[in-house]
2 protein chains.
Amino acid sequence: MARVRRSDRLVCLTQLFLQNPHTAVSLSDLAERLGAAKSSLSEDLSIVRAVFEQQGLGTFETATGAAGGIRYIPGVSEAFAVDFVRRLQGELADGERILPGGFLFMSDILGRPDVLDAAGRLFAHRFAGAGAEVVMTVETKGIPLAVSTARYLGLPIVVVRRNQRLTEGSAVSLNYVSGSDRRIQTMSLSRRSLREGTRALIVDDFMKAGGTARALVELLAEFGGEAVGIGVFTATLEPEKKLVGEYVSLVDIGRMDEENRRVETVRGTYFGR
Amino acid sequence: MARVRRSDRLVCLTQLFLQNPHTAVSLSDLAERLGAAKSSLSEDLSIVRAVFEQQGLGTFETATGAAGGIRYIPGVSEAFAVDFVRRLQGELADGERILPGGFLFMSDILGRPDVLDAAGRLFAHRFAGAGAEVVMTVETKGIPLAVSTARYLGLPIVVVRRNQRLTEGSAVSLNYVSGSDRRIQTMSLSRRSLREGTRALIVDDFMKAGGTARALVELLAEFGGEAVGIGVFTATLEPEKKLVGEYVSLVDIGRMDEENRRVETVRGTYFGR
């Protein structure tokens, strides 16, 4: 490739890293693509890295060896996380969101690009080192969140279905009791959707008792796989003890006061408890 | 903010535009945020713009007036689209994907971050000027595609459900006959999920006769809304005449030869017909 000016290289590099998170790029490839000497490229990279770290966009890892190269690890600053979750708490506290049956309407929030993006970044940041090979969720409302998280981790998503579908071939099904309403539910994952022994990050929109998350862990085990983390957008404060162990939530939901139209919200286990 | 060097500003600007597609940013705000004179900033912007356009990442629009500013419109080069769709065709042509009942297994492909990203970019590019206010899909397999497309358009997504859900409040339901298997199906969208009179881009994974897409158009109409475009990942060549008018597909699927394990694939209407 023709020689490229530093200013142009900086734009290219920034785009390339943002577009390919958690993907090792070799210095030689980069130098070739950008028509730059490795020494110039190293200077470019330290500029990009410094700005990313200063802006709280994450960090870079350099690996040596055959599969070596530089890898962008998306992250978020504590200030960004605090601010995002505080705004979410405010929105979720609106009593107009209370639906008959004690449900909280969140579909609008979970469809917004800014929310999906920020939540995906938070989960990707928190689980960056967990060694997940896929992001797993169960239809329907957790899917957008899983897509955004997977994007920032550079991983594929796997969507567990509520029913076996003809369009997915032979499947492993599992019956479980939903912890919140004690109903028997089914989930099903086609054989072709998950390689044996896969390490998965589980992402969902909501956790009450944790029955769905536990069923996902069990379904994973049926494939010889392992859950390396559980991230949920919201969890209820009650029951305090969930059917799964550790999980990361962004906002926790307490008492829903239908009369005064207020929902109690506190920040989630993302920030520790 | 403290004065920032040009090199740092280029990294910041690139990140900012990629992160906020279709969003007008005022020059004064940018100048303030980056601690730069407007004249320097203009030079920065022309560098970013030139690289983006040269790399086929899209273009920029400048609007004057109160809501004025500069706006990044993600796009793709023709070469990128051709190459991406050619690779997809190759993957989908694999006869091992044929499932009993004449379905084609695509869930793995539709879960990959590179595929979702590229497909989202293609749809966002094609429908950039359509004036959509939301990206609409029906559960389940079209959701990841809708999320990616919406991200590149800077729009929220709206997910139509197959059944009415308690967790979404009062809803409008619609029965329709699936064009492909003549079964009666239901779709349902909660009142709170869509403002009256919304212009929506419809995105889905698959179209055969077009019954689902037509039902989505009708459901939109129930909300006083309008479909400004239809984008599907794959469409079948037969029936040639669909139940909806214009649509954009990436790959079209012809004869599935179970015996010889080959699937006929041609490039979709994205490229014209």
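Here are some notes:
- DSSP-assigned coil residues among trypsin sites (Lys or Arg not before Pro) in the stretch A:154-257, each with at most 10 further Cβ atoms within 10 Å: A:182, A:183, A:241
- Shape of the stretch B:6-74, Cα gyration tensor, a/c cut at 1.5: oblate
- Sparse-neighbourhood loop sites, trypsin sites (Lys or Arg not before Pro) in the stretch A:1-93 - DSSP loop, at most 14 other Cβ within 10 angstrom: A:3, A:5
- Between helix A:6-19 and chain A: long-axis angle, C-alpha atoms, 0 to 90°, nearest 10: 30
- Euclidean distance between Cα centres, the stretch A:35-89 to the stretch A:98-145, Å: 23
- Whether chain A is rounded, prolate or oblate, judged on the alpha carbon gyration tensor where a/c under 1.5 counts as rounded: oblate
- For the protein assembly as shown, a Kirkwood radius taken over Cα pairs fed into Stokes-Einstein (20 °C, viscosity 1.002 mPa s) yields D = 88 µm²/s.
- The stretch A:227-273: C-alpha gyration tensor shape, a/c 1.5 cut-off, then a/b vs b/c: prolate
- Cα long-axis angle, helix A:38-54 against chain A (0 to 90 degrees, to the nearest 10): 30
- Principal-axis tilt of helix A:211-222 within chain A, Cα atoms, nearest 10 degrees: 60
- Cross-link partners of residue B:38 among aspartates and glutamates, defined as those whose alpha carbon lies under 13 angstrom from its own and excluding same-chain residues fewer than eight positions apart: B:29.
- All lysines inside 24 Å of residue A:141 as judged from Cα atoms, apart from same-chain residues fewer than 8 positions distant: A:208, A:241, A:242, B:141
- Placing a label point 7 Å from the Cα of residue B:131 along the Cα-to-Cβ direction, the distances to the matching points in the other copies come to 5.5 nm, shortest first.
- The calculated pair-distance distribution of the stretch B:139-259 uses every alpha carbon pair, bins of 10 angstrom beginning at 0, and gives 13, 44, 34, 8, 1, 0 percent.
- Highest-MSF residue in chain B out of B:217, B:25, B:85 [GNM, Cα springs under 10 Å]: B:25
Coordinate-derived values only; no laboratory data. Predicted model only: the values in this text are computed from it and were never measured. So basically every Cβ, Gly included, is an ideal-geometry build from the backbone, and we count neighbours across all protein chains shown.
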